[in-house]
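Let me begin by presenting the structure, written as structure tokens, before commenting on it.
The values are calculated or read from the model by the stated rules, or taken from the named source; none is laboratory data. Quick caveat, the model's predicted, so the values are computed rather than measured. Ideal geometry is used to build each Cβ from the backbone, glycine not excepted, and the neighbour counts take in all protein chains shown. Keep in mind that these areas ignore ligands, DNA and RNA; they rest on the heavy atoms of the full protein, side chains included. Shrake-Rupley method; radii C 1.70, N 1.55, O 1.52, S 1.80 Å.
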Amino acid sequence: MDLKELLNKEGDYTRDEIISLLNSEDIDSLIEKANEIRDFYFGETVHLRGIVEFSNYCSENCIYCSYREDNLIIPRYRMSADEIINAAKTIYDNGIHTVVLQSGSDNYYDTDLISYLIYYIKREFDVAVTLSIGERSFEEYKAWKIAGADRYIMKHESANPKTYSIYHRKNQLFERINHLKYLKHIGYQVGSGNIIGLPLQTIEDIADDILLCRELDVDMAAFTPFIPAPNTPYQNMQKVPDEFVMKVIAVVRIVLKNIYISSSSIFERNNIKSREKGLLAGANVILPDFTPSPYRDYFKHYINSGGLIEDPLSSHKIIKDRIEALGKTIASTKGHSIKTQSNR
Ligand code: 5AD
């Protein structure tokens with residue numbers, strides 16, 4: 001099948017077909033198709049999700065991540081409940097209807113503290129709450145659903161069990177998949193995804209990452225570029241070219257169709273140019289960072305984040321202006337999953 005036939009194919013793509021899409025050099029055709037599909041399901045609107053990175057303590061040791069436990073160089077911080085709630089208020093006051101609470105794997109925030117945050121934020125502000133706080137117990141997922149959480153984001157990072165175990169020495173892929181399935185089962189809208197361009201990753205692996213997202217029936221996906229983060233074993237590895245990231249995002253849209261796809265990672269922060277590229281390739285979600293000072297400044301010490309803007313509000317305004325400059329509008333709804341309720 002040539003690319004044109006492949007792009008117009010009805011029904012689900014096979015693994016080999018996804019590999020062909022990923023190997024295609026005709027990026028423009030892929031992007032054109034991805035935009036057509038995105039616009040069909042979501043129109044030209046972009047959804048903003050305000051993110052609060054409330055703790056960078058982490059008990060995991062992911063080989064690529066600056067937060068890894070073994071990294072003794074970075075300064076660590078934890079925000080208080082009041083500080084987190086204030087950040088959520090700022091998000092809501094800026095017309096954003098999703099609050100994403102994100103942290104490293106940090107059990108300092110126990111079941112009750114997270115429940116309190118969710119309950120309080122949902123009661124005070126008309127927002128959806130998304131958790132992105134790593135693997136926790138099944139009882140906790142349940143408690144937080146009852147407290148009012150709407151969504152859970154947990155990237156599977158790599159759908160290849162061998163490399164998964166290399167990247168995350170403490171953990172195994174099947175455990176993560178079980179957690180994601182359970183979250184979906186008890187009614188969360190679920191987000192997963194990979195890191196594009198990790199050392200050892202093949203095109204086949206990326207096809208499997210997309211297929212795993214399809215199998216999990218995710219509502220949201222984040223396929224974001226590998227950044228060789230300082231003070232990690234991968235600090236001297238190769239960066240991934242933007243064009244390749246755009247190609248992967250386009251293929252994710254073409255294969256998975258009616259899901260929210262974000263154009264960001266914590267490491268892009270305010271690197272607005274890459275975020276725009278993601279939107280142009282088929283993504284429809286941006287996560288402006290509302291972590292307040294002084295905590296947001298901690299990133300400066302160890303991430304080469306060109307153009308980090310100090311004030312969350314000015315960076316939010318810039319993101320807004322840039323989205324509008326692309327001829328797109330910002331959605332005013334909470335942006336819940338558009339998959340049918342029975343699929344959730
Ligand atoms: N490059 C790209 N993404 C990274 N993450 C962690 N470290 C890196 C890195 N070096 C991503 C992981 C995690 C998310 C919060 O940040 O995918 O899920």
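If we scan the range 294-316, do we find a residue that is under 18 Å from the mean Cα position of the chain (by Cα), acidic (Asp, Glu), at pLDDT 70 or above and not in a loop (DSSP other than H, G, I, E, B)?
No, the range 294-316 contains no residue that is under 18 Å from the mean Cα position of the chain (by Cα), acidic (Asp, Glu), at pLDDT 70 or above and not in a loop (DSSP other than H, G, I, E, B).
For the range 52-72, indicate whether the set of residues that are in contact with a helix residue (DSSP H, G or I) (Cβ under 7 Å, 6 or more places away or on another chain), more than 30 Å from residue 166 (Cβ to Cβ) and within 16 Å of the ligand (Cβ to nearest atom) is non-empty.
There is at least one residue in the range 52-72 that is in contact with a helix residue (DSSP H, G or I) (Cβ under 7 Å, 6 or more places away or on another chain), more than 30 Å from residue 166 (Cβ to Cβ) and within 16 Å of the ligand (Cβ to nearest atom).
Any residue that is part of a helix (DSSP H, G or I) and within 14 Å of the ligand (Cβ to nearest atom) - is there at least one of those in the range 183-196? Outline the logic, then answer.
Initial filter on the range 183-196 (part of a helix (DSSP H, G or I)): 183-185.
Keeping just the survivors that are within 14 Å of the ligand (Cβ to nearest atom) gives none.
For the range 183-196, residues part of a helix (DSSP H, G or I) and within 14 Å of the ligand (Cβ to nearest atom): absent.
Quick check on the range 122-156: of everything there that is outside any strand (DSSP E or B) and hydroxyl-bearing (Ser, Thr, Tyr), which residue is nearest to the ligand (Cβ to nearest atom)?
Quick first cut of the range 122-156, residues outside any strand (DSSP E or B) only: 122-127, 133-150, 154-156.
Of the ones still in play, those that are also hydroxyl-bearing (Ser, Thr, Tyr) are 137, 141.
On the way: 137: 19, 141: 17 Å.
Per the stated criteria, the residue is 141.
Of the residues that make up the range 201-222, is at least one within 22 Å of residue 59 (Cα to Cα) and either open to solvent by 20 Å² or more (accessible area, probe 1.4 Å) or under 18 Å from the mean Cα position of the chain (by Cα) (or both)? Steps first, answer last, please.
Filtering the range 201-222 down to residues within 22 Å of residue 59 (Cα to Cα) leaves none.
No, the range 201-222 contains no residue that is within 22 Å of residue 59 (Cα to Cα) and either open to solvent by 20 Å² or more (accessible area, probe 1.4 Å) or under 18 Å from the mean Cα position of the chain (by Cα) (or both).
Of everything in the range 57-91, what is aromatic (Phe, Trp, Tyr) and surrounded by fewer than 19 Cβ atoms within 10 Å (Cβ to Cβ)? Give them in sequence order.
Step one: filter the range 57-91 for residues aromatic (Phe, Trp, Tyr), giving 57, 64, 67, 77.
Hits for the range 57-91 are 57, 77.
Taking the range 32-49 as the search range and keeping residues that are touching a strand residue (DSSP E or B) at 6+ places or on another chain (Cβ under 7 Å) and away from the ligand (no atom under 16 Å from the Cβ), which one is modelled with the lowest pLDDT?
44
So for the range 165-174 (the condition being away from the ligand (no atom under 11 Å from the Cβ), of a type in the set (Gly, Ala, Ser), open to solvent by 20 Å² or more (accessible area, probe 1.4 Å) and at pLDDT below 95), does at least one residue qualify?
no
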